[in-house]
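Got a structure here, written out as structure tokens. Questions coming.
Every read-out reported here was derived from the displayed coordinates using simple, explicitly stated rules and does not represent laboratory data. In this text, all values refer to a predicted model and were calculated from it rather than measured experimentally. Cβ placement follows ideal geometry from the backbone for every residue including glycine, while neighbour counts extend to all protein chains displayed.
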Amino acid sequence: MPTAIAVTSADLALPPTDPGTPHATVLPAPDTQSLDASIADMQQLISRYGHVVVVCPSSAPPAVEQRLRAVRALLESDRIALVRTDLPPLGAAVLVRQLRQLAGCEFSPGVLASAARLLAHYIYAGAVLGSVSRLDRVPVSLGSHLKGWLPGAHFAVLAGPTARITRVGGAGETALPGPEFGTELLLARGQLQTDWPATTLVPGWGIQGAVQETPLPEASPRWWGTGKLVEFAAYLPDLSVLYQLVSSVRRETCHWCAMELIGDRCGFCGAPLQVGAEPEPGGRVLDAPDGNRRAGARALGPGAPQGPQVDPEPGPHPTAYSELTPVNVQVNPHRALP
């Protein structure tokens, strides 16, 4: 049974790429469901799938994360991973779909949860905006703010993996840095009328295949600061490439909860990789203080008084995967997935 992938809004559950892609479970918002009902739903997911990976964008209302942490703490379960992402709404939805694709492979829940940070580095997420005056999630220069007052000014903004802003049209337009590997492009149109992604990004980034479109996520106007936008995300569509990307990274064992991980941080408890520490059976740590040796404490995750003191909101760490870049991923198109 594959690991369950859960999301905090229906916008994050894109249609599957193929019949073998598992569906995502949409968790109701805290204002539409009681805490007891949230606990019961999570218990059912754990009973059915064994482990649950919940993807919660960092832009989600604080009450959403608070509810998830409360459910995990009250259940005292170490089978719930809370994965945070700074990607904009459409990019976050693409990340969720990639995790759903990989959930059908043989990856352990720990590898799947920690793979989210790796996959985010290979999603080029941005938007064409009619204004950057209210954009606060990407650094905006004073010059861009001043140009925004010009009639008909549009801006192409790349939020990740590298933040860039350029004015669309005119002599001052510069190309957005694109992927050095084959991608497909997904668009979500708001109130802005522009074909810039198709006329500029597709040839400039070497986009493969036809451009796909999906409804604009409800959170996008709030994330970008305007409803006059066309959001886009370039991503790796091939499951064989995603599989090789994740499987090529060395696996470690979390010294706190004993889950498998890739990179430098556990996707379940959030503890950073500690080289040389060996987990005890049941998830305890051999070199941990006696006060930290309680299995129930680790269910509370980062920030719990009984657990390790770690950063609950880690940022991206590209160096954790510095030995693997898209350009040196060699994929055999005839290779069968396990």
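Taking amide H atoms as placed 1.01 Å from N in the peptide plane, list the residues 5 or more away in sequence, or in a different chain, whose amide H sits under 5 Å from that of G160.
A125
Considering amide H positions built from the backbone, and no H for Pro or chain starts, which residues 5 or more places from V132, or on another chain, come under 5 Å of its amide H?
For V132, whose amide H was placed from the backbone, there are no distant partners under 5 Å.
Using a cut-off of 10 Å between beta-carbons, work out the net charge of the residues near S108 (Lys and Arg +1, Asp and Glu -1, S108 not included).
Summing Lys/Arg as +1 and Asp/Glu as -1 gives -1.
Quick check: pseudo-label points 7 Å beyond the Cα along Cα→Cβ at Q274 and A29, how many nm apart are they?
About 4.0 nm separates the two model spin labels.
What's the extension gain from F181 to A40 if we count 0.36 nm per residue and subtract their Cα-Cα distance?
Details: separation 141, 0.36 × 141 = 50.76 nm, distance 4.32 nm.
That pair, F181 and A40, stretches by 46.4 nm at full extension.
Okay, moving on. So if we plug the beta-carbon distance of L74 and R250 into 1/(1 + (r/R0)^6) with R0 = 35 Å, what FRET efficiency do we get, rounded to 0.05?
Numbers: r = 35 Å, r/R0 = 1.00.
The computed FRET efficiency comes out at 0.50.
Report the gain in length on full extension from D195 to E213: 0.36 nm times residue separation, minus Cα-Cα distance, nm rounded to one decimal.
Values: separation 18, 0.36 × 18 = 6.48 nm, distance 1.26 nm.
Residue separation times 0.36 nm, minus the Cα-Cα distance, leaves 5.2 nm.
What do you get when you divide the Cα radius of gyration of the stretch 18-102 by 2.2 N^0.38 Å, with N the number of residues?
Numbers: Rg = 13.0 Å, N = 85, 2.2 N^0.38 = 11.9 Å.
Against the compact-globule rule of thumb, the ratio is 1.09.
Name the long-range amide H neighbours of G206: under 5 Å, sequence gap of 5 or more, or other chain; modelled H, no Pro or chain starts.
Residues meeting the criterion, in which the H sits 1.01 Å from N, do not exist here.
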